[in-house]
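First up is the structure itself, then whatever we jot down about it.
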Amino acid sequence: MKVHKNLDQLPSFKRSVITIGSFDGVHKGHQKLIKRINELAAEIKSESVIITFYPHPRQVIYPHDKSLQLLNSLDEKLALFKKHGVDHVVIVPFSIEFSQQNPREYVETFLLKTFNPAYIVIGYDHKFGMNRQGDIHLLKSYEELHDFKTIEIEEQEIADITISSTKIRKALVNNEIAVANSYLNYPYMISGKVVYGEQVGTKIGFKTANILVDDTHKLIPPSGIYAVKVHHGQNHHEGMLYIGRKPTLHEDANTSIEVNIFNFNENIYGEYLRLELIDFIRDDEKFDGLEALKLQLRRDEISARGILQKFKAFNQEDKANCSIVILNYNGEEILESYLPSTLHSSQEKVDFVLIDNASTDESVAFIKEWHPEYRLLEFTKNYGYAGGYNKGLEQINTKYIALINSDIRCTQNWLDPIIEMMENDESIGAVSPKIRSINDPDCFEYAGASGGYMDYLSYPFCRGRVFSTVEEDKGQYDDAREVFWASGAAMVVRKDVFDNLEGFDASYFAHQEEIDFCWRIKRAGYKVMVQPKSLVYHLGGGTLAYESPNKTYLNFRNNLITLIKNDESIFWFVKFIWRLILDGIAGIQILTQRKPKNMYAIIRAHWYIIPRFFSLLDKRRSTKKLIQKYKRDSYNKIGIFNKSIVFQYFVKGKKQFSDISNNGSF
């Protein structure tokens, strides 16, 4: 994160995503807004910029008002901005002159000329300029001419920001530290320089560091003892904090802030500490001499250590190992039907994320109202399945990612056998559950069944589904085994493998991008598995019907691209020619079924490939370099059928996977 304090030395921002405010507390409400500008910046590959003010505007406009209590010093605020991934913070030296700018001057010469924004994100009642005359309507009047968009945060979210600030201050004043921390979404901080004190703590065996807080407007909680985490440079410690006037020794005129750092004996005078208040232990009180005080401090240390141990254990347990991630576009009805089942996917903690590809229906409003447990990533345009997931997963950092379609109905704890399998074998890159049909629950579902395979010409098929023949699930494929590809309808991948191998190919838009990705996984020496102990149900065709001409086009086009990119055999070009011929035969057959649009879709797919053939060769070379960079082991070819599935199915009449697999050609 870059911090800019001189407005005359700002970089040349290009298509930045900006927001403006004081951000005192950088609490949950503010964090929503910061998340939004970061998401927008990531989406358009730009930079997020927070414009804030120092000193606080109230200090300038009402200099004689002594009631202002700030939740953050400037340094604390900057540390929080950095923690939340902001690219730039511009600190505007706030003055009477700045506050009296004409609203149009503020927009034209400050916001637009200085930051060249692609997006300006503001609250629903944001006002600016002299007498607060500028508002969202003025900003929107500049949008077309200056090519930016103004995004207004909903009224309720801004109300939450205001309510949170008030509640945080009230909770701190009442020593309700845990409550304040819940609104902040982090422990309340006190920062300052270590200065010399009276050395009384050293005499009684509780050496303390006396903290001088620079900002006179910083809100200091009431007198008492607190359990704290102590940050000294890059080192982290635990301790107990005293705030008070030392009534046992003598009643000081000024409040003292002293911290006893456990198991610590370094000389840190003149250095800065950051204290995080975890919880309140007791009120300050007067004792009958130093021995009584010493005895109580021993009790306080036991209490503090217990509180800190519980806090540490809770935060370790609270961290999710896996995220369930769903991509949505105009799927409100589907989400309403199937999303609730995802909430019972595991006995362990799971993060829930919904990526919205610029839906025009009420999907986003539905999620916000009915499923607040889902973190929303909102895009401004539809990037397709592949591109949408790529952009969304950039903002997710759990070890495993469960990618499931919005029309998946999950069974209880379906994730657990998969995660257990992957935890026990680090060579596994991706795993698919067994997938049955929602419409015909006793049968496998077309998009994955019980594991994906591929023949030597790159035609995909499944254990339980070959071309259009879908088998009844009688338990015949219930053994966990290595396969060639995992279904895009429901698959769990290692996040680091997804990142290293560059995720899905965004040019696919949708369909067979998971096969291309799994092929890269296999080429890099990882395993792709199916775990039938894990069961989900798939509606199938919920977002695009299986017989849609557009789906036919994407399937044929993307499958050919996948072959060109990934087939490492010396005869790959011969296979490519054979594929063109077989695709043509398939087109004729489709025409006999009176589906001319689907036949034309195959022709369109070929005409997409042919003029781009040499650029696809470049992609083939870059893919090979990528594989070499992140290769774990030799090319894993398990799951490739070394004969033609087309010949087996259409000529020899072998319609079921068991008929094909029995001939030992895998």
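The values are calculated or read from the model by the stated rules, or taken from the named source; none is laboratory data. This one's a predicted model, so the numbers in the text were calculated from it and none came from an experiment. We place every Cβ from the backbone using ideal geometry, glycine too, and count neighbours over all the protein chains shown.
All of Ile401, Ile435 fail the test of being assigned to a strand (DSSP E or B) and closer than 30 Å to Asp583 by Cα, apart from Ile435. Scanning the range 628-649 finds one or more residues that are more than 28 Å from Ala524 (Cα to Cα), in the same structural domain as Arg520 (by TED's automatic domain parsing) and exposed (fewer than 14 other Cβ atoms within 10 Å of the Cβ).
The strands (runs of 3 or more DSSP E) found wholly in the range 1-118 include none carrying at least 3 residues that are of a type in the set (A, V, I, L, M, F, W, C) and modelled with pLDDT under 90. Between Glu276, Glu258, the distinction of being in a strand (DSSP E or B), in contact with a Ser or Thr (Cβ under 8 Å, 6 or more places away or on another chain) and among the acidic types (Asp, Glu) belongs to Glu258 only. All of (1) at pLDDT below 90; (2) surrounded by fewer than 16 Cβ atoms within 10 Å (Cβ to Cβ) hold for Glu568 with one exception: (1). Among the residues of the range 471-500, those identified as buried (at least 23 other Cβ atoms within 10 Å of the Cβ) and among the aliphatic types (A, V, I, L, M) are Val483, Ala486, Ala489, Ala490, Met491, Val492, Val493.
Answer with yes or no whether Ser507 is assigned by TED's automatic domain parsing to the domain that holds Gly331, farther than 26 Å from Asn424 by Cα and free of Cβ contacts under 8 Å to residues at least 40 places away in the same chain. The answer is no for Ser507.
Residue count for the range 422-441 satisfying the condition of being under 19 Å from Asp479 (Cβ atoms) and either out of contact with any Ser or Thr (no Cβ under 9 Å at 6 or more places or on another chain) or not assigned by TED's automatic domain parsing to the domain that holds Asp351 (or both): 7.
Residues are listed down the side, and each one gets a yes or a no for (1) buried (at least 16 other Cβ atoms within 10 Å of the Cβ); (2) in the same structural domain as Leu71 (by TED's automatic domain parsing); (3) more than 34 Å from the chain's Cα centre (by Cα):
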| site | (1), (2), (3) |
| --- | --- |
| Ser191 | yes, no, no |
| Glu198 | no, no, yes |
| Tyr226 | yes, no, no |
| His236 | no, no, no |
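You will find that of Lys319, Lys246, the residue that is basic (Lys, Arg), modelled with pLDDT under 95 and within 30 Å of Lys391 (Cα to Cα) is Lys319 and no other.
Scanning the range 460-470 for residues that are under 17 Å from Val536 (Cβ atoms) and touching a residue at least 60 places away in the same chain (Cβ under 8 Å), we see that the one that is surrounded by the fewest Cβ atoms within 10 Å (Cβ to Cβ) is Arg465. Any chance the range 397-405 includes a residue that's at pLDDT 95 or above, crowded, with 20+ Cβ neighbours inside 10 Å and under 30 Å from Ser569 (Cβ atoms)? Taking every residue of the range 397-405 in turn, at least one turns out to be at pLDDT 95 or above, crowded, with 20+ Cβ neighbours inside 10 Å and under 30 Å from Ser569 (Cβ atoms). For the range 610-631, a residue qualifies if it is within 24 Å of Asp583 (Cα to Cα) and of a type in the set (Phe, Trp, Tyr), and the qualifying residues are Phe613, Phe614.
Restricted to helices (runs of 4 or more DSSP H) entirely inside the range 466-573, those with at least 1 residues that are within 30 Å of Ile585 (Cα to Cα) are 513-523, 549-566.
Every condition in (1) buried (at least 22 other Cβ atoms within 10 Å of the Cβ); (2) more than 24 Å from the chain's Cα centre (by Cα) holds for Lys66 except the one numbered (1).
Ser437: hydroxyl-bearing (Ser, Thr, Tyr) and under 25 Å from the mean Cα position of the chain (by Cα), yes or no? Taking the combined requirement at face value, the residue does not satisfy it.
The number of residues in the range 19-59 that are in contact with a Leu (Cβ under 7 Å, 6 or more places away or on another chain), at negative phi and crowded, with 21+ Cβ neighbours inside 10 Å comes to 4. For the range 602-620, state whether one or more residues are under 21 Å from Glu514 (Cα atoms), part of a helix (DSSP H, G or I) and in contact with a Ser or Thr (Cβ under 7 Å, 6 or more places away or on another chain). So far as the range 602-620 goes, yes, one or more of its residues are under 21 Å from Glu514 (Cα atoms), part of a helix (DSSP H, G or I) and in contact with a Ser or Thr (Cβ under 7 Å, 6 or more places away or on another chain).
Yes or no, residue by residue, for (1) out of contact with any Asp or Glu (no Cβ under 7 Å at 6 or more places or on another chain); (2) β-branched (Val, Ile, Thr):
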residue: Gly451; (1), (2): yes, no
residue: Thr469; (1), (2): yes, yes
residue: Gly488; (1), (2): no, no
residue: Asn500; (1), (2): yes, no
residue: Val530; (1), (2): yes, yes
residue: Lys533; (1), (2): yes, no
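Evaluate the range 586-604: report whether one residue or more is surrounded by fewer than 17 Cβ atoms within 10 Å (Cβ to Cβ), among the small types (Gly, Ala, Ser), assigned by TED's automatic domain parsing to the domain that holds Ser468 and modelled with pLDDT of 85 or more. Checking the range 586-604: not a single residue is surrounded by fewer than 17 Cβ atoms within 10 Å (Cβ to Cβ), among the small types (Gly, Ala, Ser), assigned by TED's automatic domain parsing to the domain that holds Ser468 and modelled with pLDDT of 85 or more. Applying the set (1) in contact with a helix residue (DSSP H, G or I) (Cβ under 9 Å, 6 or more places away or on another chain); (2) among the hydroxyl-bearing types (Ser, Thr, Tyr); (3) closer than 30 Å to Gly653 by Cβ to Tyr508 leaves exactly one unmet item: (3). Being β-branched (Val, Ile, Thr), part of a helix (DSSP H, G or I) and either under 27 Å from Asn642 (Cβ atoms) or out of contact with any strand residue (DSSP E or B) (no Cβ under 9 Å at 6 or more places or on another chain) (or both) is true of Ile577.
The conditions of being at pLDDT below 95, in a strand (DSSP E or B) and either of a type outside the set (Phe, Trp, Tyr) or over 21 Å from Lys32 (Cβ atoms) (or both) are met by Leu376. Among residues of the range 316-345 being surrounded by fewer than 22 Cβ atoms within 10 Å (Cβ to Cβ) and touching a Cys at 6+ places or on another chain (Cβ under 8 Å), the one that is farthest from His538 (Cα to Cα) is His344. Here Ala449 meets each of (1) touching a residue at least 24 places away in the same chain (Cβ under 8 Å); (2) surrounded by fewer than 21 Cβ atoms within 10 Å (Cβ to Cβ); (3) assigned to a loop (DSSP other than H, G, I, E, B) with one exception, condition (2).
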